Amino acid sequence: MTEFGNILIGGIVDGAIYALLALGFSLVFNVTTVLALAQGAFVTMGALTMNSFMVSAHLPIAVAFIATLAVILTVTGIVEWVIIRPALGRISYTNLLILMAGLLTAFEGGAFLIWGSIPYTLRQFIPGKPFDVGGVSIASQDIWVLATMIVCVGLLWVFLTRTTIGRGMRATAENMDAARLMGVSVDRTILFSFLISALLGAIAGVVIAPLTSLDFTSMAGFTTEGLIAVTLGGLGSLFGSVTGGMVLGVMDALLSGYVSSTFGTAFGLILLILLLIVRPQGLLGKIRGARADIAARLIGKEHMPIQLPRWLSRSGMLAVGIVMLGLPSFLSQSKYFTTFNIVGIFCLAIVGLELLTGIAGQVSLGQAGFMAIGGYTSAILVIHYHVTWILGLLAGIALSIAAATLLGLAGSRVRGMYMAIVTLAFGIFVEAVGNGLGITGGPSGLYGIPSFSIGGYSFDTETRFYYLIWGLVAVALILTGNLIRSSRGRIFRVMHEDDVGARSLGLDTRRAKVIVFVLSAVLGSIAGTLYAGYFHYFSPGMVGSAVSLEMITMLVVGGSGTQLGPLVGVALLMFLPDVSQRIANDALVIDGALLVLALRFLPSGLYGGFNQLMLWGTRSFSRYRNYMSNALLKPGSTAVVSSGDEAEITGNTVIPSRSNHSTVSFNEGVEVPEHAESKPNRIVRGSLNTIATNVDALQVEGLSKSFGGVQAVQGVSFEVAEGSIAALIGPNGAGKSTVFNLVTSIYAPDAGNVQLWGREIRGRTPDQIVAAGLFRTFQTSRIFRRLTVLENVLVGGYILSQNSYFAQALWMRNVQRKEKELVRRALAILDAVGLSDRANDPAFTLPLAGQKYLDLARALMSGARLLLLDEPGAGMNDAETAELGAMLLAIRDVGHTILVVDHNMDLVMGVADEVTVMDAGKVIANGTPDQIQRNESVIVAYFGRKEVRA
Ligand code: ADP
Ligand code: MG
């Protein structure tokens, strides 16, 4: 009982610290939607600064405390001002997360430079023996920790509810634009959220320091515990954060106390995974009612890495290949040979990381964890069980696949940033296991690992290993390159930009997230096995979480998203320490600083910068510069927030250079989408056989949906006859888009049902709806801005490409044929909508009307029978609208069914066979355009206003 009591007290004390950390995370997240991964650094920095003031400067405790807080506030203020603020809203969300990881690394390095690697412990605030309460000993410091936590939470609560700044913060958390409109200074709010969370961290550090010892390595650990706590409680919920922290602290303590301390870490990770699978919003968190039909809030400026002309990049690669082949003969006497081989090992792992983070946008802070699994598994099997290296390699891969699948399943169910949390926890867990188990050799590692060999052929010389590792790197590059330029693999690039958008186009991004995570883990695992088999020694430090963070730095500094760039990053960061011992000592600070600088000034890394330099003054370069300046100037491009239809970006009057269509004809350019060929889903195939003339394509019955207090849709019923054009009209806010979101399963209805060709769609996911033959566009067009126009259309044809990832990676003959066919089809469609001359431009360079046409082209590409178009004419002038009308009729005439929402009455009345009118969530009329135009209540509710305005 006493033992239990003591463990419990320890848990509560730790829990209080986690709670303070979690509060910091929540605060910043609420205001900026960013995870401030450097949060854990403030704990350690607070404690170490306090120690310096107390021990070196001999300040009294209260003065030292105030001085510490002043230092932390100053540092945070400067970092926020110089680094974070310029980045917010300018770099992508993925890169923001990486930036935060970079800050963590920089803080670690800074702490190492200032305080070295000796762990420090503060003396207790009030020295003395612990109290004894029924056998349970409670130190006075325990009480300090708890009291501090309670006071902090109380003060924070008062601050948020009673002060102007605090209320501004809450308003910003609710809706940044609305807050801005109401006169809240969003910049100041963001600054305050960072300052307060840093203070919370530092205070936690000061009070916990007498109970534990801290050095620069404890920072990442605090960040992880805080993240797990906040995920547990519910990200964004203040009281949830406190609860999450306490629960985690107590459970951790019980497990460490009664089971083993290694498994304390494991437990945190398992809890995190289970929670994300079962209750992703956390114990007390609510699912935020974000508008799923509107793109995310913080989107950075577009950065298309500039492309070299094909001949140049090909000959460049050829040259590099030849040099690499001949290199060993020059290197044989050089001390750099080993470095070259280790660079190769990390290059192999980073090809995986690039696929996952650079291409697919899933930030992984645990890639070295998979190297650890591969290395330890194979080395242990080879040493202790005398299996062959190949079997060891395969065992490592199998284990990595299992781990990645589990983590991927947890991370893919929720928003992208959870992948960062999960992988960070995973990396720390693997490191803890490596340190804690006997079979791994503990902190000093495994010795005497034999050289890697295949069937008796041992790669035991530098030269042999060189060819092995670089050969593998080349193969990995080719396979991943094939994958991401094929239809299936394009999904990775697409989900980087807009996950919800991708899903509603029929792309199963959840599955893709798991797949890409597994692929990257496999490459990491192979690299780890080779690392062990090359180095003959393997220790936790070689593949710890610091290494994972360093790999992120290599990725970004080299150029994430450029495929080859990250390899440059690896080479640079691995050779630097060879150049000078001084650099080796300051590696962490240098890493962090390079990362931050690269994100700020070299968005596509050294590689992108190099390309830019190569092309200076050429035509491609001036084209690129045009894109970039367009991206900055156009209202639609720096992707401001939009949290309501009214806030939509307007004002773009640029008219697209439409090429050739005074007449629109689909019969020539585009074949009627052939479902038989494209292997459609069951519903369509079934319906193709069974469609009687009287089965409606779409039937909506008694559909209702409310958001909080707003009854957005109320008992809406209507039908869309096969082969017709139906229109849904009504004033802004009538609920039209919500009907679309219900029909496409983006939201689940409160009541009512939807039938596609006579079949109920309830329970189907958005991508299954697309598979069923329904394709929709969004009111705010949801093009993938960094893909080219052509690629955007190809994404629409995702469902038509039935090749496996495997076949696509190998770029097999039938894949090539299929891809060619899809490109031909896409070009024909682009021609029909007048965008063929823009096919190879990045999509963000299209003006608004062009984006609408692109949406339409993508819908046609899918070959879906039923198209739901949400305000396709928005942002178009009269001539363009007339063209659009002609196009819709042509599309119907080749056999599609269309349901269109638009405000332009000329368009709607000109093309629709049947019109449904909504107002305030209800259907108020239904009939032919003629009937509607004569309908009394419609005239009052709708045209009345319209005519007055006109
Ligand atoms: P329309 O497309 O006809 O202009 P919407 O369907 O977009 O109208 O919106 C109908 C109502 O529902 C509006 O009051 C809108 O603010 C509200 N609404 C729509 N989606 C959401 C959501 N995800 N959360 C909260 N309110 C929503
Ligand atoms: Mg709408």
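Table for the structure above
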read-out: Members of region 727-762 that are more than 16 Å from ligand 2 (Cβ to nearest atom) and under 24 Å from Gly863 (Cβ atoms); value: Ser745, Val754, Gln755, Leu756, Trp757, Gly758, Arg759, Glu760, Ile761
read-out: Candidates Ala859, Ala809 - the one that is small (Gly, Ala, Ser) and under 24 Å from Asp870 (Cβ atoms); value: Ala859
read-out: Leading residue by the ranking (farthest from Ala395 (Cα to Cα)) among those in region 522-577 that are of a type in the set (Val, Ile, Thr) and out of contact with any Ser or Thr (no Cβ under 8 Å at 6 or more places or on another chain); value: Val557
read-out: Filtered residues of region 901-944 (kept if within 24 Å of Arg776 (Cα to Cα), part of a helix (DSSP H, G or I) and in contact with a helix residue (DSSP H, G or I) (Cβ under 6 Å, 6 or more places away or on another chain)); value: Leu907, Met909, Gly910, Val911, Pro929
read-out: Some residue of region 418-437 being under 26 Å from the mean Cα position of the chain (by Cα), among the small types (Gly, Ala, Ser) and at pLDDT below 90; value: yes
read-out: Residue list for region 208-223, restricted to those being under 19 Å from Val28 (Cβ atoms) and modelled with pLDDT of 90 or more; value: Met219, Phe222, Thr223
read-out: Filter result for Ile397 (of a type in the set (A, V, I, L, M), in a helix (DSSP H, G or I), touching a helix residue (DSSP H, G or I) at 6+ places or on another chain (Cβ under 6 Å) and buried (at least 18 other Cβ atoms within 10 Å of the Cβ)); value: yes
read-out: Set Gly205, Gly249, Gly236, Gly201: member being touching a Phe, Trp or Tyr at 6+ places or on another chain (Cβ under 7 Å) and not in a helix (DSSP H, G or I); value: Gly236
read-out: Meets criteria (within 13 Å of ligand 1 (Cβ to nearest atom), within 26 Å of Gly758 (Cβ to Cβ) and in a strand (DSSP E or B)) for Ser737; value: no
read-out: The lone exception for Ala697 - which of (1) in a strand (DSSP E or B); (2) at pLDDT below 90; (3) within 16 Å of ligand 2 (Cβ to nearest atom) it fails; value: (3)
read-out: Residue pairs meeting the criteria (Cβ under 9 Å; at least 6 apart or on separate chains; first without any contact (Cβ under 8 Å) to a residue 24 or more places away in the chain, in region 308-321; second assigned to a helix (DSSP H, G or I) and among the hydrophobic types (A, V, I, L, M, F, W, C)); value: Gly316/Met614
read-out: Looking only at region 78-110, and only at residues there that are of a type in the set (S, T, N, Q) and closer than 22 Å to Thr224 by Cα, the one that is modelled with the lowest pLDDT; value: Thr94
read-out: Only listed residue being touching a residue at least 60 places away in the same chain (Cβ under 8 Å) and surrounded by fewer than 21 Cβ atoms within 10 Å (Cβ to Cβ), chosen from Gly481, Gly471; value: Gly481
read-out: All positions within region 22-59 that are in a helix (DSSP H, G or I) and free of Cβ contacts under 8 Å to residues at least 24 places away in the same chain; value: Phe53, Val55, Ser56
read-out: Top-ranked residue in region 763-783 [being assigned to a loop (DSSP other than H, G, I, E, B) and within 16 Å of ligand 2 (Cβ to nearest atom); ranked as surrounded by the most Cβ atoms within 10 Å (Cβ to Cβ)]; value: Ser781
read-out: Tyr798 being among the hydroxyl-bearing types (Ser, Thr, Tyr) and more than 16 Å from ligand 2 (Cβ to nearest atom); value: yes
read-out: Leading residue by the ranking (farthest from ligand 1 (Cβ to nearest atom)) among those in region 885-899 that are buried (at least 24 other Cβ atoms within 10 Å of the Cβ) and hydrophobic (A, V, I, L, M, F, W, C); value: Leu888
read-out: Test set (1) more than 16 Å from ligand 1 (Cβ to nearest atom); (2) over 36 Å from the mean Cα position of the chain (by Cα); (3) buried (at least 21 other Cβ atoms within 10 Å of the Cβ); (4) at pLDDT 90 or above - Glu719 fails condition number; value: (3)
read-out: Residue satisfying all of: in region 906-943; farther than 21 Å from Glu701 by Cα and within 16 Å of ligand 2 (Cβ to nearest atom); modelled with the lowest pLDDT among these; value: Tyr942
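The values are calculated or read from the model by the stated rules, or taken from the named source; none is laboratory data. All values derive from a computational prediction rather than experimental measurement. FYI the Cβ positions are ideal-geometry reconstructions off the backbone, even for glycines, and counts take in every protein chain you see.
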